[in-house]
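What follows is one structure encoded as structure tokens, with my remarks underneath.
The values are calculated or read from the model by the stated rules, or taken from the named source; none is laboratory data. If you're wondering where the values come from, they're calculated on a predicted model, not measured in any experiment. Heads up, the Cβs are rebuilt from the backbone with ideal geometry, glycines too, and the neighbour counts pull from every protein chain shown.
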Amino acid sequence: MKTLAELEAIRERMKGKVAVREANDNTIRIVVGMATCGIAAGARPVLNAIAEEVSKQGLSETVTVTQTGCIGLCQYEPIVEVYQQGKEKVTYVKMDSEKAKKVIEDHIKGGKVVNDYTIGAYNPNL
């Protein structure tokens with residue numbers, strides 16, 4: 001990139017890609033807490049397992065896997081949140097790689113929340 005015009009061209013190309021991503025209401029967004037508390041509790045293998053399983057199951061067109069910083073519930077780490085258009089956010093806690101694979105199979109593919117792994121199962125007051 002050598003000129004302002006080249007930068008503007010890149011900006012316009014990326015705007016189109018972002019708009020396509022935002023326009024897809026069928027996208028499921030999976031967010032893994034990757035602050036130091038999450039990483040210390042084992043979030044990295046959880047993130048890797050989710051990304052691998054999404055790819056292996058052929059869900060990459062409808063599922064986006066991202067990471068975030070502190071979610072604010074350190075005692076429940078590793079935390080995974082699932083966002084779907086028109087549905088309430090689901091917060092999975094105390095995750096590991098095997099639980100992550102089950103969430104992909106049952107919840108993301110099958111549409112059935114794995115209640116045993118949700119924050120409500122660990123803290124019924126929520």
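Quick look at the numbers
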{"quantity": "Conditions (1) assigned to a loop (DSSP other than H, G, I, E, B); (2) among the acidic types (D, E); (3) in contact with a strand residue (DSSP E or B) (Cβ under 9 Å, 6 or more places away or on another chain); number of the one not met by E88", "calculated": "(3)"}
{"quantity": "Selection status of T91, modelled with pLDDT of 95 or more and under 14 Å from the mean Cα position of the chain (by Cα)", "calculated": "yes"}
{"quantity": "Pairs, first surrounded by fewer than 15 Cβ atoms within 10 Å (Cβ to Cβ) in the stretch 107-126, second among the small types (G, A, S) and outside any loop (DSSP other than H, G, I, E, B), C-beta under 9 Å, six or more apart", "calculated": "N115/A121; L126/G120"}
{"quantity": "Number of the condition not met by Y83 [criteria: (1) under 12 Å from the mean Cα position of the chain (by Cα); (2) surrounded by fewer than 16 Cβ atoms within 10 Å (Cβ to Cβ); (3) without any contact (Cβ under 8 Å) to a residue 40 or more places away in the chain]", "calculated": "(3)"}
{"quantity": "Total residues in the stretch 74-85, condition more than 15 Å from Y117 (Cα to Cα) and assigned to a strand (DSSP E or B)", "calculated": "2"}
{"quantity": "Per-region count, the stretch 28-41, residues surrounded by fewer than 20 Cβ atoms within 10 Å (Cβ to Cβ), small (G, A, S) and under 28 Å from Q85 (Cα atoms)", "calculated": "1"}
{"quantity": "Any hit, the stretch 65-73, residues being modelled with pLDDT of 90 or more, among the polar types (S, T, N, Q), out of contact with any Pro (no Cβ under 8 Å at 6 or more places or on another chain) and assigned to a helix (DSSP H, G or I)", "calculated": "no"}
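Here is a yes/no grid of residues against (1) within 18 Å of V113 (Cβ to Cβ); (2) surrounded by 18 or more Cβ atoms within 10 Å (Cβ to Cβ); (3) at pLDDT 90 or above; (4) among the hydroxyl-bearing types (S, T, Y):
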site	(1), (2), (3), (4)
I10	no, no, no, no
V20	no, no, no, no
N24	no, no, no, no
A43	no, yes, yes, no
L47	no, yes, yes, no
T62	yes, no, yes, yes
